[in-house]
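Below is one structure, written out as structure tokens, with a few remarks after it.
The values are calculated or read from the model by the stated rules, or taken from the named source; none is laboratory data. Just so you know, these numbers come straight off a predicted model, no measurement behind them. A quick note on method: Cβ atoms are made from the backbone with ideal geometry, for glycine too, and the neighbour counts reach across all protein chains shown.
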Amino acid sequence: MADEDVTVLIATDADIVVARGEGRALAGRLGFSRTDATLIATAISEIGRNILVHAGAGEVRVGRAGDDHRVAIVVVARDEGPGIHDVKRALEEGYATGGGLGLGLPGSRRLMDEFDIETKLGHGTTVTMSKWRERDRHAVVRDAPDRDG
Amino acid sequence: MPVPILKQGDYLIASIQSALIDSEVLELRDDLADRIGRYRSQGIIIDVAALDVIDSFVARSLRNIARTARLRGAVTIIVGIQPDVAVAMVQFRLNLEWLQTALDLEEALAMLDRHTRERDRDGG
């Protein structure tokens, strides 16, 4: 993540719309398809709302990852809220503490290629998720070490 | 900016004009519930073509609108779900079984007309 990084502070529901708009805009600049840009924007929307509901405030950073040939978008959502007591359960369907239906985290994970949660009770949560550009996702699979022989 | 709601005969048509913040989604729910009673509406059409995403909050809110409307005697049809938004909703695995949809306004109006005719016939 470097020059293209954009950070959006999340403190109100309007900030969620701004954050997913930035994600969509960056996806467009990096050559992601419209559908993939919408998948990314939807995941940002979910994670942004999680910040608002569970922590009250935080930030979402979107940026480019990969190398000269392959491009991914990385989203890092960070808060200093109460943390998640049981991450494994939070990633299961139907587990919700914020009045939702417990779809947010598992649903967002399905929209992205990589998804990671770091959390510490009383200190906060950081969700890092990324998605490869469609044509590069195949290149990543092709170049995986176990395929090189 | 509140979502404009047009009254057309026995129906209400809510045309979402842009991405909505959460509080505007809830406002739309309350506005519709209020107007169904005031106008004795039989059906609601919500045009979501301008929504940039339909995430779990928006989907849940739309479902609550449909359920509330049902209790008030009206049917809800969602129109204009964009192709990329539809892909995201499926991949997210949103529960969509409750959802009555139509491709566009014309089809939604025809569905509501059919529904109203059937109900009048069965009721009479």
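Give the residue that is farthest from the other protein chains (Cβ to nearest Cβ), with candidates limited to residues of the stretch B:6-40 that are over 17 Å from B:ALA102 (Cβ atoms) and of a type in the set (S, T, N, Q).
Among those that are over 17 Å from B:ALA102 (Cβ atoms) and of a type in the set (S, T, N, Q), it is B:GLN17.
In a helix (DSSP H, G or I), closer than 19 Å to B:PHE57 by Cβ and β-branched (Val, Ile, Thr), is that true of A:VAL8?
Against the criterion (in a helix (DSSP H, G or I), closer than 19 Å to B:PHE57 by Cβ and β-branched (Val, Ile, Thr)), A:VAL8 does not qualify.
From the list A:ILE84, A:ILE10, which residue is modelled with pLDDT of 95 or more and either closer than 15 Å to A:LEU111 by Cα or not aromatic (Phe, Trp, Tyr) (or both)?
Of the residues listed, the single one that is modelled with pLDDT of 95 or more and either closer than 15 Å to A:LEU111 by Cα or not aromatic (Phe, Trp, Tyr) (or both) is A:ILE10.
Does B:ALA14 count as in contact with a helix residue (DSSP H, G or I) (Cβ under 7 Å, 6 or more places away or on another chain), of a type in the set (A, V, I, L, M, F, W, C) and not in a loop (DSSP other than H, G, I, E, B)?
Here the answer is yes, as B:ALA14 does meet what is asked.
Look through the stretch A:1-39, keep the residues that are within 11 Å of another protein chain (Cβ to nearest Cβ) and acidic (Asp, Glu), and return whichever of them is surrounded by the fewest Cβ atoms within 10 Å (Cβ to Cβ).
Checked the stretch A:1-39; the qualifying residue surrounded by the fewest Cβ atoms within 10 Å (Cβ to Cβ) is A:ASP13.
List the number of the failed condition for A:GLU92; all other conditions in (1) surrounded by fewer than 21 Cβ atoms within 10 Å (Cβ to Cβ); (2) in contact with a Gly (Cβ under 6 Å, 6 or more places away or on another chain); (3) within 15 Å of A:SER108 (Cβ to Cβ) hold.
(2)
Of everything in the stretch B:57-89 that's in a loop (DSSP other than H, G, I, E, B) and aliphatic (A, V, I, L, M), which residue is nearest to B:ILE5 (Cα to Cα)?
B:ALA74
Within the stretch B:65-112, which residues are farther than 23 Å from A:LEU105 by Cα, of a type in the set (A, V, I, L, M, F, W, C) and without any contact (Cβ under 8 Å) to a residue 12 or more places away in the chain?
Hits for the stretch B:65-112 are B:LEU71, B:ALA110.
With respect to the numbered conditions (1) under 19 Å from B:LEU105 (Cβ atoms); (2) facing chain A (nearest Cβ under 10 Å), which one is the sole condition not fulfilled by B:PHE57?
(1)
Within the stretch B:10-24, how many residues turn out to be under 25 Å from B:GLU106 (Cβ atoms) and of a type in the set (Val, Ile, Thr)?
Residues in the stretch B:10-24 being under 25 Å from B:GLU106 (Cβ atoms) and of a type in the set (Val, Ile, Thr): 2 in total.
Does at least one position in the stretch A:112-120 carry a residue that is modelled with pLDDT of 90 or more and over 16 Å from the mean Cα position of the chain (by Cα)?
Yes, there is a match, as at least one residue in the stretch A:112-120 is modelled with pLDDT of 90 or more and over 16 Å from the mean Cα position of the chain (by Cα).
Just give me the residues in the stretch A:25-46 being of a type in the set (Ser, Thr, Tyr) and either part of a helix (DSSP H, G or I) or closer than 14 Å to B:VAL53 by Cα (or both), in sequence order.
The answer is A:THR35, A:THR38, A:THR42, A:SER45.
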